[in-house]
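Trainee: This is the structure I want to talk about, given as structure tokens.
The numbers here are math on the coordinates, done by the rules we state, and not lab data. All values derive from a computational prediction rather than experimental measurement. Cβ coordinates were reconstructed from backbone atoms using ideal geometry, including for glycine residues, and neighbour counts include every protein chain displayed.
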2 protein chains.
Amino acid sequence: MINLEKTKIILASQSPRRSELMKQAGYEFEIIASTIEEKITQTKPNLVVEELSLQKADNVLNMILKSIDLSLMAFDDLSLMIIGADTVVSKNGNIMVKPKDRENAYEMIHSIQGQTHQVYTGVTIIIYDFNTREKSYKTFSECTNVTLYPMTHSEITHYISTSDCYDKAGGYGIQGEFAVYVKEINGDYNNVVGLPLARLYQEIKNFKE
Amino acid sequence: MINLEKTKIILASQSPRRSELMKQAGYEFEIIASTIEEKITQTKPNLVVEELSLQKADNVLNMILKSIDLSLMAFDDLSLMIIGADTVVSKNGNIMVKPKDRENAYEMIHSIQGQTHQVYTGVTIIIYDFNTREKSYKTFSECTNVTLYPMTHSEITHYISTSDCYDKAGGYGIQGEFAVYVKEINGDYNNVVGLPLARLYQEIKNFKE
């Protein structure tokens, strides 16, 4: 089991929602957003979010290792834990990322209203041990089914006018005003917000170095 | 359909979480908490929360009507909408309300960890028309299944030491640190927080006076 007191946690994401969730769980961490150009080679949504979460976490670890001279440092068993995450919405096999513009947001919401879609979040945890200079990886993903009430044209138009939709996969944020259209979910709620907090906690707890 | 612009909304609850959810949905409202001593005559959890939500909403309406002299007022079609709500946790037919003390909170959480339990929230909407002096009622409830990861003795002890448990049915708040133990839910997330926001929105939208 990993000793969290000797581990510095880095969240490799600039999403304010992921940061809020990490705080909610009680973790102390710093944020270093990845600068990588994401490359998707997979087609299934669970594999897409897993590979993107890995790219983000790996990129941030490499940035950190480049910026410090390991030979000059005494780390006293200090480890680094990098957490990368990526979220997409999926409907009938079509993957939706963040909408490009208002029309695109309208199309996305119109295509998922009144029905059930899936939200996938992939997470990669990398542990880097400064003493042994070894890396350990764990990648996983969670899927949550989200069922929406039917929405009228004016409800969709009103929602996209709030600008709540633009930086979110699928064009909606479940934690905002959009909640009034969410009939039920099946799975982890926070996975829809952007980070499967319970699974992450369990994986960190059980992480074998 | 009810004209919300001519309706004053009163939330008959002093729960800060219900108030937050009403704001999240975009409603403008005032809070008047009921002062009634709640009387449970039902045994099934869905009927218990429905009857308590009705008692709370009815109590607040009566307080308001007693405090104003209707014969002196010109209301111009103004209506009043009172929203009452009550939440319980249920496990194998046992209903859990708010824990009395630390031991009680420990017992509750210990009895639901590692398993699935139900959260019921009952809601009553009363519309009072000042012109016709007529009341319309709508009472409903929603059930959400909540599945928890197994929790160790020290995890339960740590959680109840945060005091997050005391004013919440079942001894936990899903929107706080406890989220790391919530494996999955099936139903409306906000119903577990204390108000089934999506169902409430739909019921208000479809309310026939």
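Trainee: Sum up the charges of everything whose Cβ sits under 12 Å from the Cβ of B:Ile9, counting Lys and Arg as +1 and Asp and Glu as -1, but leave B:Ile9 out.
Mentor: Value of the local net charge: 0.
Trainee: Report, as an integer, the average count of C-beta atoms from other chains found within 10 Å of each Cβ along A:172-181.
Mentor: On the way: counts 0, 0, 2, 4, 3, 6, 3, 10, 14, 4.
Counting other chains' Cβ atoms within 10 Å and averaging over A:172-181 gives 5.
Trainee: Would you work out the charge dipole size for the range A:1-70 about its Cα centre, treating the Cβ of every Lys and Arg as +1 and the Cβ of every Asp and Glu as -1, and quote it to the nearest 20 debye? Each step should come with its number before you reach the end.
Mentor: On the way: 9 positive and 10 negative charges, 25 e Å.
Charge dipole of the range A:1-70: 120 debye, to the nearest 20.
Trainee: Now a separate question. Along the positive direction of the dipole of chain B (beta-carbon charges: Lys, Arg +1; Asp, Glu -1; about the Cα centre), which of B:Ile125, B:Ser34, B:Thr152 reaches farthest?
Mentor: B:Thr152
Trainee: Enumerate the lysines that B:Lys205 could reach by cross-link, defined here as Cα to Cα under 16 Å, with residues fewer than 8 away along the same chain left out.
Mentor: B:Lys205 reaches A:Lys183, B:Lys6, B:Lys8, B:Lys138.
Trainee: Something else: Inside 10 Å of the C-beta atoms of B:185-191, what's the mean count of C-beta atoms belonging to other chains?
Mentor: Values: counts 7, 5, 5, 7, 11, 6, 1.
Other-chain Cβ atoms within 10 Å of each residue's Cβ, averaged: 6.
Trainee: Taking chain B as a Gaussian network, where each spring joins two C-alpha atoms under 10 Å apart, which residue of B:Ile83, B:Ile109, B:Ile68 fluctuates the most?
Mentor: B:Ile68
Trainee: Going 7 Å from the Cα of A:His158 in the Cα-to-Cβ direction, what parts of the range B:1-44 have a backbone nitrogen less than 20 Å from that spot?
Mentor: The answer is B:1-11, B:19-30.
Trainee: What is the mean number of Cβ atoms from other protein chains located within 10 Å of the Cβ atom of each residue in peptide A:145-157, rounded to a whole number? Don't skip to the end; give the middle numbers.
Mentor: Working: counts 2, 0, 3, 1, 5, 1, 0, 1, 0, 0, 2, 0, 0.
Shielding by partners across A:145-157 averages 1.
Trainee: Let me ask something else. Specify which residue in the list A:Leu54, A:Ile109, A:Thr87 is farthest towards the positive end of the charge dipole of the range A:46-144, using unit charges on the beta carbon of Lys, Arg (+1) and Asp, Glu (-1), about the Cα centre.
Mentor: A:Ile109
Trainee: Sticking with this structure for a sec: Nearest 20 debye, what's the magnitude of the dipole of the protein assembly as shown about its Cα centre given +1 on Lys and Arg Cβ and -1 on Asp and Glu Cβ?
Mentor: Working: 42 positive and 54 negative charges, 96 e Å.
Rounded to the nearest 20 debye, it is 460 debye.
Trainee: Of all trypsin sites (Lys or Arg not before Pro) in the range A:25-119, which ones are in loop regions per DSSP and have a Cβ with at most 16 other Cβ atoms within 10 Å? Walk me through the numbers on the way to the answer.
Mentor: Numbers: sites: A:Lys39, A:Lys56, A:Lys66, A:Lys91, A:Lys100, A:Arg102; in loops: A:Lys39, A:Lys100.
In loop regions of the range A:25-119 (DSSP not H, G, I, E or B), the sparsely surrounded trypsin sites (Lys or Arg not before Pro) are A:Lys39, A:Lys100.
Trainee: Dipole of the range B:128-172, Cα-centred, from +1 at each Lys and Arg C-beta and -1 at each Asp and Glu C-beta, to the nearest 20 debye? Don't skip to the answer; put the middle values down first.
Mentor: Details: 4 positive and 6 negative charges, 42 e Å.
Around 200 debye, computed over the range B:128-172.
Trainee: Under 10 Å, Cα contacts only: if you run a Gaussian network model on chain A, which one of A:Ile36, A:Ile112, A:Ile125 comes out with the highest mean-square fluctuation?
Mentor: A:Ile36
Trainee: Using the membrane-span-like helix rule (whole DSSP H runs, Cα extent along the own axis of at least 20 Å, mean Kyte-Doolittle hydropathy at least 0.0), which helices of chain B qualify?
Mentor: Values: long enough: B:45-67 (33 Å, 0.19).
Span-like helices in chain B: B:45-67.
Trainee: Where a Cα-Cα gap under 25 Å defines reach, which lysines qualify for B:Lys100, not counting those fewer than 8 residues away within the same chain?
Mentor: B:Lys39, B:Lys44, B:Lys56, B:Lys91, B:Lys168
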